[in-house]
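The values are calculated or read from the model by the stated rules, or taken from the named source; none is laboratory data. Treat the numbers as computed from the prediction; the structure is a model and nothing was measured. Backbone-built Cβ (ideal geometry, glycine too); neighbour counts: all protein chains shown.
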Amino acid sequence: MNKKEFLDILRESLVGEVDNNVMEQNIRYYSEYISSHHDKSEEEIIDEIGDPRLIAKTIIDTESIPDQGAYGWNSQDNNRRSDYQDSYQDYGNSSNSYNGYPRIRWYQKALFVAVLMLIFFILLRAGWFLIKLLSIFTLPIIVIVLVLYMFRN
């Protein structure tokens, strides 16, 4: 399959399924991608990319997610979606984040370790208390079992 055939199949698969801008953007992307690799033939690159129908299905599925009401959005409710995207971008651009995740300061880490140690010692102490409590009843139970075993025979 050559570049023209690949792009024609991709276009045919996308027509009527996605917005024309999305379709043209993807066709332009794959056209430039195929043309940009001078060290391989078009056929090799297209074989590596894969089936244009599968690519079209992926594009269609990706573009249809907001319209199907994912995350509570529908096509009539673009204001909430844009508000969410704006707040997400603001969150990602804040000085207190790294790659979109909030940074954890050294004192927060130290506090976390201290709380974990406190929980560990509380559990250790509670376990030791249970062992002591059970040891009080263990000796009499062993004696009773031995006496019953001796008199049963």
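List the helices (runs of 4 or more DSSP H) inside region 1-62, counting only whole elements, that have at least 3 residues being β-branched (Val, Ile, Thr), without any contact (Cβ under 8 Å) to a residue 12 or more places away in the chain and surrounded by 11 or more Cβ atoms within 10 Å (Cβ to Cβ).
Working: elements: 3-14, 20-36, 42-49.
Ranges flagged: none.
Condition test on PHE112, is it over 30 Å from VAL15 (Cβ atoms), at pLDDT 90 or above and among the aromatic types (Phe, Trp, Tyr)?
Numbers: over 30 Å from VAL15 (Cβ atoms): yes; at pLDDT 90 or above: yes; among the aromatic types (Phe, Trp, Tyr): yes.
Taking the combined requirement at face value, the residue satisfies it.
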